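To start, the structure itself, in structure tokens.
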Amino acid sequence: MKFTDTEIVQVIPEEDHSYKGRRLRQSIEEIQDKDDEFYSLINNVIVGEDQKGKIMDQMSTVAFMRKLNEQKLYMSLALKTIKVVGNYSERVEDNKRQKVVLTYNQSAKVN
């Protein structure tokens, strides 16, 4: 009589890949900090030096709108980072499991 058994075996231990997400978020935060510095400088020039006029009003409005759009982008990046790291972890961990098929014969001997 022939028997077959199929198992999924973990051949390499699981790992925590969340550090990759932390590194990505850290890079995003560094870029965001630089943007905040930039917009602070713009604000200091326009408001701090008491600049007036239509051009300054337009510059202030455009800078404000850009900053809002970039904040939306950072939020989107943060969410995508979580998703990408999760997908990455799943794929890596799936590759650490292998399908093993055991086939053996059993002969009946009765004495």
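What follows draws every value from the coordinates through simple rules; no lab data is involved. Everything numeric in this text was worked out from a predicted model, so none of it was measured. Cβ: placed from backbone, ideal geometry, glycine included. Neighbour counts: every protein chain shown.
Observations, loosely collected:
- Candidate set: region 64-99, residues that are basic (K, R) and free of Cβ contacts under 8 Å to residues at least 60 places away in the same chain; chosen: the one farthest from V45 (Cα to Cα): R91
- Scanning region 12-50 for residues that are part of a loop (DSSP other than H, G, I, E, B) and surrounded by 10 or more Cβ atoms within 10 Å (Cβ to Cβ) turns up I12, E14, E15, H17.
- Of all residues making up region 12-41, the number that are in contact with a Lys or Arg (Cβ under 9 Å, 6 or more places away or on another chain) and farther than 15 Å from L73 by Cβ: 4
- Here the condition is being in a helix (DSSP H, G or I) and more than 28 Å from R25 (Cβ to Cβ); of T81, T61, T103, it holds for T61 alone.
- Enumeration of residues in region 1-35 that are within 15 Å of E90 (Cβ to Cβ) and not aliphatic (A, V, I, L, M): Q10, E14, E15, D16, H17, S18, K20, G21
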